Amino acid sequence: MEAGYYPRQVGEKGTLSKNDRGEQTKRKAVRTLLGCEGSKKAIPDLEDLEEEMLDVRSVLDGAAQNIRAKDNALEQLDKEKEKLQQA
């Protein structure tokens, strides 16, 4: 269920109230239409998603390599600074 929607129950058997029954049927209709091929919000193709994920991973790998290179450069500069301070 969507956050913030808590159906009210009537009586001991826990049947939904009239307003909540209507809301429930609306939500079921939205869920079924979402997966249809002709709908505007069709479920994306898995191959496209995998390709997109690979692209994002390659960008992240490149960023990680860049960070490692800059970290190594900073360490080298720190070592050179210590040598100069000792001299």
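Cross-link partners of Lys18 among aspartates and glutamates, defined as those whose alpha carbon lies under 20 angstrom from its own and excluding same-chain residues fewer than eight positions apart: Glu2. Using only the Cα atoms of region 44-87, each taken as one equal point scatterer with no solvent, compute I(q) by the Debye sum, divide by I(0), and report log10 of the ratio at q = 0.18, 0.27 Å⁻¹. Taking Cα atoms of region 44-87 as identical point scatterers yields -0.64, -0.85.
Here, each number is a calculation from the coordinates, and none is a lab measurement. Owing to the predicted nature of the structure, the values given are computational and were not obtained by experimental measurement.
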